[in-house]
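Asker: Following this message is one structure expressed as structure tokens.
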Amino acid sequence: MEFREIYCYNCHKTLGKYNVKFYTETQIAEIIQTIHADHIKIGHHVEIRKKKSK
Ligand SMILES: [Zn+2]
């Protein structure tokens, strides 16, 4: 399965994992803006990473 991971470089942790079948990159960007907005507000570097797992 392929998924997109929301990762915060400042916190050194994964904020969420989302299956590419169910979430588009646009939807994930919206999730960052709403659920993880506190990281953005304090200037953290949050990135979407594409990953694969079995
Ligand atoms: Zn953070």
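Throughout, read-outs are computed from the coordinates displayed, never taken from laboratory work. None of these values were measured; they are calculated from a predicted model. Here the Cβ is made from the backbone with ideal geometry for all residues, glycine too, and neighbour counts use every protein chain on show.
Asker: Multiply the residue gap between MET1 and VAL46 by 0.36 nm, knock off their C-alpha separation, and tell me the result in nm, one decimal place.
Answerer: On the way: separation 45, 0.36 × 45 = 16.20 nm, distance 2.26 nm.
Here the segment from MET1 to VAL46 would lengthen by 13.9 nm.
Asker: Given R₀ = 30 Å, FRET efficiency for GLN33-LYS54 by Cβ-Cβ distance, to 0.05?
Answerer: On the way: r = 31 Å, r/R0 = 1.03.
Rounded to the nearest 0.05, the efficiency is 0.45.
Asker: What is the local net charge at VAL20, summed over the other residues whose Cβ is closer than 10 Å to its Cβ (Lys, Arg +1; Asp, Glu -1)? The partial results should precede the final answer.
Answerer: Numbers: positive: ARG4, LYS21, LYS50, LYS51, LYS52; negative: GLU2, GLU25.
Residues near VAL20 contribute +3 overall.
Asker: Further question: Which whole number in µm²/s is D for the chain by Stokes-Einstein, with the Kirkwood Rh taken over Cα pairs at 25 °C and 0.890 mPa s?
Answerer: Details: Rh = 11.2 Å.
The calculation lands on 218 µm²/s.
Asker: Taking the 0 to 90 degree range and rounding to the nearest ten, how far is the long axis of helix 25-34 tilted relative to the main principal axis of the chain, both from C-alpha atoms?
Answerer: 30
Asker: Excluding LYS51 itself, what net charge comes from residues whose Cβ is under 15 Å from its Cβ, given Lys and Arg +1 and Asp and Glu -1?
Answerer: Working: positive: ARG4, LYS13, LYS17, LYS21, ARG49, LYS50, LYS52, LYS54; negative: GLU2, GLU5, GLU25, GLU47.
My count for the surroundings of LYS51 gives +4.
Asker: Something else now. Mean separation of Cα pairs under 8 Å and 6+ residues apart, divided by the residue count of the chain: what relative contact order is that in percent?
Answerer: Details: 73 pairs, mean separation 28.4, N = 54.
Relative contact order for the chain comes out at 53 percent.
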